[in-house]
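Asks: Take a look at this one; I'll ask things after.
The values are calculated or read from the model by the stated rules, or taken from the named source; none is laboratory data. What you are looking at is a predicted structure, and each value in this text was computed from that prediction instead of being measured. Because the Cβ atoms are built from the backbone with ideal geometry, glycine has one as well, and the counts that use them run over all protein chains shown.
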């Protein structure tokens, strides 16, 4: 299996671009710079950020203190739990304070900046009026808890527990505002903001560092969080000794800007907003057939039983060959086999599979060379091969890979026609494909019937191995979560089969089927839940995916299915669980055990634990 995590090991030939970004920051020599790394979902922006950090680290002094101080910030992790703008300010301030204490220099400057940030943060949490926030006035006449917190904020003694307490007592915000607005205004918000910027610059100067802030996953955020983070970035932009590298899909950023300004339709104004934040736009390079083939091969090599040194040798050789692909040099099975590393037959077979799949995975619209989608495809293939091995089905991996690609990319009608042809044949062979596969392999002209005429399908016919004379029943069996694979042995009535098909094809609309599902026998609901959970196993991130809605409506129809769903969720790897699933399942009676298990797991991430614990705390307060 391949994890969907960013990496600082170059599998995508991005190292050259990362080196360029690093060189821009180095060449700036303390002058402020902001760089936007843009690209669609899953193309490798996060990996580009990691590679940039690794490349810039090579420019650190070999002796003495480091020149570049890194701050990694993922706004998506704070969404729904914290104000992204305030969170970014405090992450930066805490990093500077920690570095100052470690170096034993500039401590006063760093703490002054942290104090100002915490005051701004407190003011945000209790909704102080902007003018009062700017004054830094003593909290005369404030209610006890709020008064103490405000005073602590002014004195620099505010910590994480105080911030949480401020949230709980934020109902007293109006009293705070009235008390602070009574004295005569001696300052203004612009002056306080400038003081914050001056304090920030002073801290960087005292430490003699360039702060490199790496912003990631901004395009996963809701518009409000996106804008909040951008506004925090804007506060520090164009200050000396700063560099911001912002990874995001610029189309998603523009959407957030549009929503922020009330549905602004002027594309030029929207573009100008983002362009003022980003001085140097860099787009993640698109992957061509060479890059996709190399990426597939490196993934197979990474998952092999070669030792790490051999893997690194092959990865370096492939990356070097890719950099010269413009000269006509190829990365293929022959090249990898001649890199001086002995490869076992199983790995050679996978490299051959990579060669076959690469052209279609590059051109197919549903994959289009997207690294994340390629990984998900390979993970699905790996799971099905594991099922085949465990159950003794004995499916050929090349056959399964070709069939899985067809399932993922071909028109649904074509896939339904293929499965029907397999089920109709006594030996499970789709003989209908024979003339088309033969013509495609020879390069002859041919005109397949509907629904076989799509461009992808015509190219797929030529992809080895030919399937017309293959018994595909085993391959379809290990991928039986697909609705068209329901056979008479499933003992489903026509009504249940139609409902199951609807659940799998449009899971987000599952609630509309609730009454019909409740009328079905329990035996059919059990079969349906098995099929839906089989599909759900392909999901790698459990926030609130559409397939969860299908699971929930079946669980509502029958308590036995609720227990099955609970067991399935308990078995999910902790790394896959996201905070957004918590409010989705919390009201359900069977969910308590699941939430308790996740809450105790050391591998569940912080935002998810906060979501689980948050309701409990509020419940205790209510009591």
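Asks: Criterion first (in a loop (DSSP other than H, G, I, E, B) and within 20 Å of residue 455 (Cα to Cα)) does residue 427 satisfy it?
Replies: no
Asks: Looking only at region 63-85, filter to residues that are free of Cβ contacts under 8 Å to residues at least 60 places away in the same chain and over 18 Å from residue 211 (Cα atoms); which one of those is surrounded by the most Cβ atoms within 10 Å (Cβ to Cβ)?
Replies: That would be 82.
Asks: Out of region 439-471, which residues are assigned to a helix (DSSP H, G or I) and free of Cβ contacts under 8 Å to residues at least 24 places away in the same chain?
Replies: Matches in region 439-471: 439, 440, 442, 455, 458.
Asks: Could you check how many residues of region 33-58 are surrounded by fewer than 17 Cβ atoms within 10 Å (Cβ to Cβ) and touching a strand residue (DSSP E or B) at 6+ places or on another chain (Cβ under 7 Å)?
Replies: Going through region 33-58 one residue at a time, the tally reaches 0.
Asks: Which ones in region 515-548 are over 30 Å from the mean Cα position of the chain (by Cα) and surrounded by 14 or more Cβ atoms within 10 Å (Cβ to Cβ)?
Replies: Those that are over 30 Å from the mean Cα position of the chain (by Cα) and surrounded by 14 or more Cβ atoms within 10 Å (Cβ to Cβ): 516, 517, 520, 524, 525, 526, 527.
Asks: Please list, ordered by residue number, the helices (runs of 4 or more DSSP H) wholly in region 557-620 having 1 or more residues that are in contact with a strand residue (DSSP E or B) (Cβ under 9 Å, 6 or more places away or on another chain) and in the same structural domain as residue 534 (by TED's automatic domain parsing).
Replies: 559-570, 591-600
Asks: Separate question: Is it true that some residue in region 269-281 is in contact (Cβ under 8 Å) with a residue 60 or more places away in the chain, within 30 Å of residue 330 (Cα to Cα) and surrounded by 15 or more Cβ atoms within 10 Å (Cβ to Cβ)?
Replies: No - not one qualifying residue is present in region 269-281.
Asks: Here is a further query. Within region 482-496, can you find the residues that are buried (at least 18 other Cβ atoms within 10 Å of the Cβ) and either at pLDDT 50 or above or assigned to a loop (DSSP other than H, G, I, E, B) (or both)?
Replies: 482, 486, 492, 496
Asks: Is it true that some residue in region 335-355 is closer than 21 Å to residue 16 by Cβ, out of contact with any strand residue (DSSP E or B) (no Cβ under 9 Å at 6 or more places or on another chain) and not in a helix (DSSP H, G or I)?
Replies: yes
Asks: Then there's this: Kindly indicate which of 240, 258 is out of contact with any strand residue (DSSP E or B) (no Cβ under 7 Å at 6 or more places or on another chain), under 18 Å from residue 34 (Cα atoms) and surrounded by fewer than 19 Cβ atoms within 10 Å (Cβ to Cβ).
Replies: The match here is 240.
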